[in-house]
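*Asks:* Just passing along the structure, written as structure tokens.
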Amino acid sequence: MKCECWKASRLMRLVCAVILLCCQLQLLDGKTKAGYTGADKILIPHKSWPCGMAAGIPVPERGVLVFEASLKLDQAYELGKTPYGLRDAFVFQEGTISSQKLNGSVMPGGLDFQLKFSNGGMEIEEIFVLRTSDGKYIYLRSAGTAADPSDVRMVPDFEAPNESSYSWLNTGKFAGRRVVDVAAKTLKISVYDLSGVAVAPDAKNSVQVTKPADVQDQSWDYRKATAEEKQSEELIRENVTLAAGQMVGPTKKGTRNIIPITGGTLSGKITGKVLFGGADYQNLANPATIDARYLWQTSDGEVIIVRNGGTFGLLAPSFEVRVDSKYAWLNKGLYLSSNPGMGKGGVGLTFYECSR
């Protein structure tokens, strides 16, 4: 009896040791990284995703809190492995902003595109529209990164109306945190003013974000078509339904106008629907450009990230879908788009293969 108890006790200790070891080692999906020591250091982004702070992102909490925002998660989509890494796409409902300097709401339809790498690194892009308590719209696009999932930092880029009491957002130096809780269906964003925080990275006080060699670099900007590119075979027709516009007005980057996307339909070589979320983030400078960011869902359930941008007459859509999907051909080709036209309760567009 004593021998059996001793064996059972020994087995229990062995099981506990194995569990502890697993907690200390990096998991294959990159969720945990043993021995991460960069939480209190300057984070150096990968050169392909500089986040507006290529020299390094300080610990955000060393700055002064500007505001916090809380949002409700509408949908979380796991696209799987795309050419850029393991992609998740989050779409949000409305949210609230609270601080002494900025109060208001976050408009529904905000997007968060998250990439995870096998080495534990991450890249983030977020697009939101804020509405202040006195009715002004502010366009917010953030780039984020991490060497470890426990230490995600983002750099927000604000476009506030030049002639408003929020114009200080256009010239400030900011960094922040974003925490997505899929189980609780929430997102929390905290933004800090880093104007008083020095950045002087060296080998001891910084940590470098690295990316595996088997992933492509994602682009911050949309693809720009040239006049030599011509529309060839027709691929897809879409009808996109829209909500009322959100005019930001003149900002540091031109006159920004935002047209939220609420849904729609697809036909042609791909059938399915346009999902709720995202918008056409128009810049009405001369020449005017569009930058539409949104999601498709095919009739067999595949989720595809769509970006259609450029000047009128030279619109160039690009797509992102998992590499083992039957729609993976969308990742590789060059495509052109018609200008937006009248659709059924919205806007109609046609996508084409590109010839030169």
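*Asks:* For segment 42-208, with only Lys/Arg (+1) and Asp/Glu (-1) charged at the beta-carbon, what is the dipole magnitude about the Cα centre, in debye rounded to 20?
*Replies:* 180 debye
*Asks:* Please arrange V191, V240, V182 by how many other C-beta atoms lie within 10 Å of their C-beta, fewest to most.
*Replies:* V182, V240, V191
*Asks:* If the cut-off is 13 Å between C-alpha atoms, which aspartates and glutamates fall inside it for K344, apart from same-chain ones fewer than 8 positions away?
*Replies:* Excluding near neighbours in sequence, the set is E238.
*Asks:* Shifting gears a bit: Under a 5 Å amide H to amide H cut-off, with H placed in plane at 1.01 Å, what residues pair with W49 once short-range neighbours are removed?
*Replies:* HN-HN under 5 Å from W49: empty list.
*Asks:* Scan around N103 for amide H atoms under 5 Å from its own, H built in the peptide plane at 1.01 Å from N, and keep only partners 5 or more places away or cross-chain.
*Replies:* HN-HN under 5 Å from N103: S133.
*Asks:* Please determine, in degrees from 0 to 90 and to the nearest 10, the orientation of helix 2-24 with respect to the longest principal axis defined by the Cα atoms of the chain, where the helix direction is its Cα long axis.
*Replies:* 30 degrees
*Asks:* Share of Cα-Cα pairs in the chain beyond 31 Å, in percent?
*Replies:* Value for the chain: 39 percent of Cα pairs lie more than 31 Å apart.
*Asks:* Here's something else I'd like to know. Give the relative contact order (percent, whole number) for segment 42-208; include only Cα pairs under 8 Å separated by 6+ residues.
*Replies:* 25 percent
*Asks:* On to the next question. Please say if segment 279-356 is rounded, prolate or oblate, where rounded means a/c under 1.5 for a ≥ b ≥ c the square roots of the C-alpha gyration tensor eigenvalues, and otherwise the choice is prolate for a/b larger than b/c and oblate otherwise?
*Replies:* Because a/c hits 1.5 or more and a/b exceeds b/c, segment 279-356 counts as prolate.
*Asks:* Same structure again: Evaluate the relative contact order of segment 126-207 (contact order divided by residue number), counting alpha-carbon pairs under 8 angstrom at least 6 apart; express in whole percent.
*Replies:* Normalised by residue count, the contact order of segment 126-207 is 19 percent.
*Asks:* May I pose another question? Tell me which of I258, I304, T37 sits at the most positive position along the dipole axis of the chain, charges placed on C-beta atoms (Lys, Arg +1; Asp, Glu -1).
*Replies:* Sorting the options by dipole projection puts first T37.
*Asks:* Does segment 51-124 come out rounded, prolate or oblate by the C-alpha gyration tensor, with a ≥ b ≥ c the root eigenvalues, rounded set by a/c under 1.5 and, if not, prolate when a/b is larger than b/c and oblate if not?
*Replies:* Since a/c reaches 1.5 but b/c is at least a/b, the shape of segment 51-124 is classed as oblate.
*Asks:* Normalise the Cα radius of gyration of segment 172-212 by 2.2 N^0.38 Å (N = residues in it) and let me know the number.
*Replies:* My calculation over the Cα atoms of segment 172-212 gives 1.63.
*Asks:* Using the count of nearby Cβ atoms within 10 Å as a rough guide to exposure, how do D74, D217 rank from fewest to most?
*Replies:* Starting with the residue having the fewest Cβ neighbours, the order is D217, D74.
*Asks:* Something else about it: Between segment 248-296 and segment 156-205, what is the C-alpha centre distance in whole Å?
*Replies:* 24 Å
*Asks:* Please get the size of the charge dipole for the chain, origin at its Cα centre, with Cβ charges of +1 on Lys and Arg and -1 on Asp and Glu, quoted in debye to the nearest 20.
*Replies:* 700 debye
*Asks:* Kirkwood Rh over Cα pairs of segment 210-339 into Stokes-Einstein at 37 °C, 0.692 mPa s: D in µm²/s?
*Replies:* The diffusion coefficient I find is 207 µm²/s.
*Asks:* Once you charge only the Cβ atoms, +1 for Lys and Arg and -1 for Asp and Glu, what is the size of the charge dipole of segment 230-355 about its Cα centre, to the nearest 20 debye?
*Replies:* 300 debye
*Asks:* Here's another thing I want to ask about it. Per residue, what volume in Å³ does the Cα convex hull of segment 52-191 take up?
*Replies:* Enclosed volume per residue, from the Cα hull, is 113 Å³.
*Asks:* Residue farthest toward the positive end of the dipole of the chain, with Cβ of Lys/Arg at +1 and Asp/Glu at -1: which of Q218, A198, W168?
*Replies:* Checked the options; the winner is A198.
*Asks:* Read phi for every residue in segment 161-168 and hand back ³J(HN,Hα) as whole Hz from Karplus 6.51 cos²θ - 1.76 cosθ + 1.60, θ = phi - 60°, with x for Gly and Pro.
*Replies:* Rounded to whole hertz, the list is x, 4, 9, 8, 6, 10, 5, 4.
*Asks:* In this model, which of K230/K269; K173/K273; K224/K326; K185/K253 are farther than 29 Å apart at the alpha-carbon?
*Replies:* As for pairs spanning more than 29 Å Cα to Cα, those are K173/K273; K185/K253.
*Asks:* To continue, here is another question. What number, rounded to the nearest 500 deg cm²/dmol, is the helix-based mean residue ellipticity at 222 nm of the chain, given -39500 (n - 2.57) per DSSP H run of at least four residues and division by all its residues?
*Replies:* Calculated mean residue ellipticity at 222 nm is -2500 deg cm²/dmol.
All of the numbers you see were taken from the coordinates with simple rules; none came from a lab. Just so we're clear, the structure is a prediction, and the values are computed from it rather than from any experiment. Neighbour counts run over all protein chains shown; Cβ positions are idealised from the backbone, glycine included.
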